[in-house]
Each structure stands twice: as structure tokens, then as C-alpha cells.
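Here is the structure we will look at, set down as C-alpha cells.
The values are calculated or read from the model by the stated rules, or taken from the named source; none is laboratory data. Just so it is clear, the model here is predicted, and its values are computed rather than measured. All Cβ positions, even for glycine, are placed from backbone atoms using ideal geometry, and neighbour counts span all protein chains on display. Protein only, heavy atoms only, side chains kept; ligands, DNA and RNA dropped before computing areas. Shrake-Rupley method; radii C 1.70, N 1.55, O 1.52, S 1.80 Å.
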Amino acid sequence: MGEMHIPAEPVRTPVLSPIDRVSEMLFGLFMALTFVGAVSVGTGGRAQIGEMLIAALGCNLAWGLVDAVMSLVRTITDRGRLLTLLRSVRETPDAEAGRRLIERSLPHAVAGLVSHTEIEAIRGRILALPVIPERPVLKRDDLLAALAIFLIVVATTFPVVLPFIMFTDVGIAKNTSHAVALVMLFFGGLALGRYAGFGSLRAGFMMAGLGTALVIAIN
């Protein structure tokens with residue numbers, strides 16, 4: 001018998017979903033903004049630029065690495081829970097108890113849409129599986145997703161700190177950096193709103209508003 005492919009696991013065409021991509025970008029932006037806000041526009045401001053660039057990049061490198069590792073941990077944990085569910089359903093002699101296990105494992109938004117017959121069909125497919133893996137494993141796409149998370153978080157640092165390299169005037173550089181970050185936050189919120197199916201513009205302005213509040217708080 002060949003290796004079992006667990007049918008209950010969703011097939012992921014993109015390495016990251018739209019919400020994952022946008023969320024990681026927004027996290028990176030908020031991180032970078034906190035460092036940019038700490039730069040003084042006074043006479044000593046220029047001396048802080050090098051330290052700020054290193055600190056912002058270092059923070060997002062660390063955050064990106066942690067987020068990537070936690071993505072792998074979340075994936076392996078979810079697969080472990082799935083394998084535990086499959087074994088529990090197969091080892092339960094009572095059909096009704098098996099159906100309850102499956103129903104409790106479904107997301108709340110889905111549980112009410114699945115009929116008794118469909119749950120029994122899922123139980124039948126689980127019982128028909130030839131073999132269940134001993135332990136969950138990570139796949140190539142999982143590693144690619146973790147790498148993508150790391151790169152997105154790190155990459156969002158550069159648009160925010162680039163004005164400090166382009167402009168010698170710290171005040172102009174800081175204002176330009178804030179403007180770039182707020183525009184990116186707006187489009188990030190726009191993408192989230194569109195993905196969720198509700199007011200894209202409203203979500204964009206809300207995200208830009210959060211960024212504006214952060215800029216005011218740290219200045």
C-alpha cells in the first residue's frame with residue numbers, strides 16, 4: 001500500500017494565503033514604525049540614524065524568524081491533532097461517538113452546515129483509510145511558507161527606513177517614512193477588507209488610522 005494522503009487536510013495552492021501575506025506585512029510595518037518614531041529631528045538626530053537602521057532591521061529579522069518558526073509549530077500541531085482525531089474515530093466502536101468526535105472537530109461556522117449523513121460519510125472515509133501515519137511531518141510547502149513569512153517581515157523594513165538613506169534632512173526623512181508606512185498600511189487594510197468580503201475602503205482607513213495613532217503615540 002502506498003503512503004496515505006489525509007483527505008481532511010486542506011489543499012494549499014498558494015504557499016501563503018492572502019490574509020497571511022498581508023498580516024505579516026502589517027506586523028513588519030508596525031515594528032519598523034516604532035523604531036522610526038524614536039528618531040529625534042533635533043541636532044543629534046542624524047547620529048541616531050545608523051543605530052535606528054540596525055535596530056529596525058535586527059528587530060524585524062528576529063520577529064520574522066520567530067514568526068516563521070511558530071508557523072511551522074502551528075502546522076505540525078494542527079497535523080498532530082488531525083492524526084489524533086483519525087485514530088480516535090477509528091478506535092471508537094460506537095458509530096454515534098465517532099460522529100460526535102468529527103462534529104466537535106469542525107469549525108463552528110462549518111458545523112451547522114454539515115448534515116448527519118455527511119458526517120457519517122466522513123466517518124466512513126476515515127474507517128476506510130488503509131493506514132495512518134505514526135506522527136505528523138512537515139512538507140516542502142510548509143518550509144517555503146515559513147521562508148516566505150520571514151522574507152515578508154524583513155522586506156517591509158526597507159520602505160520605511162529607505163527615506164533616511166535618501167534624505168539628509170532628518171525631519172523630511174521621518175515624515176516621508178511615516179507617509180510611506182501609512183500608504184502601505186492603507187493598502188494592506190484594503191486587501192484584508194476585500195479578502196474578508198466587507199468594506200475594503202473602511203478597512204484600509206482603519207489600518208491607516210491605527211498607524212497614525214502609533215505615530216502620534218511614539219512621537
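A straight chain from residue 151 to residue 97 at 0.36 nm per residue would run longer than the Cα-Cα distance by 15.0 nm. Prolate is the label for the range 68-156, because the ratio a/c of its alpha-carbon gyration tensor axes (a ≥ b ≥ c) is 1.5 or higher and a/b is greater than b/c.
Helix 45-91 and the long axis of the chain differ in direction by around 10°, with both axes built from C-alpha atoms.
The charge dipole of the range 43-141, taken about its Cα centre with unit charges on the Cβ of Lys, Arg, Asp and Glu (plus for the first two, minus for the last two), comes to roughly 160 debye.
Explain nothing, just the number: relative contact order of the chain, from Cα pairs under 8 Å at least 6 residues apart, as a whole percent. Worked out over the chain, it gives 33 percent. Could you tell me how many degrees, from 0 to 90 and to the nearest 10, lie between the Cα long axis of helix 116-128 and the main elongation axis, the longest principal axis, of the Cα atoms of the chain? Roughly 80 degrees between the two axes. In the context of the full set of protein chains, residues of the chain present 58 Å² of accessible surface per residue (probe radius 1.4 Å, heavy atoms only). How many angstrom separate the Cα center of the range 196-219 from the Cα center of the range 136-157? Each part's Cα centre sits 26 Å from the other's.
With respect to the chain, whose longest principal axis is taken over its alpha-carbon atoms, helix 95-105 is tilted by about 0°. Using a simple spin-label model with pseudo-atoms 7 Å out from Cα toward Cβ, residue 202 and residue 144 lie 3.6 nm apart.
Note: relative contact order over the range 69-161, using C-alpha pairs below 8 Å and six or more positions apart, is 41 percent.
Extension gain for residue 131 to residue 77 (0.36 nm times residue separation, less C-alpha to C-alpha distance): 17.5 nm.
For the chain, the 222 nm mean residue ellipticity estimated from helices alone, with every DSSP H stretch of n ≥ 4 adding -39500 (n - 2.57) and the total spread over all residues, rounds to -26000 deg cm²/dmol.
Think of each Lys and Arg Cβ as +1 and each Asp and Glu Cβ as -1; about the Cα centre, that makes the dipole of the chain roughly 120 debye. Taking a ≥ b ≥ c as the square roots of the Cα gyration tensor eigenvalues, with a/c under 1.5 meaning rounded and otherwise prolate when a/b beats b/c, else oblate, which class fits the chain? Prolate, because a/c is 1.5 or more and a/b exceeds b/c. Rounded to the nearest 0.05, the FRET efficiency derived from the C-beta distance between residue 90 and residue 19 at R0 = 35 Å is 0.55. Of all accessible surface on the chain at a 1.4 Å probe, what whole percent is carbon and sulfur? It is 67 percent, rounded to a whole number.
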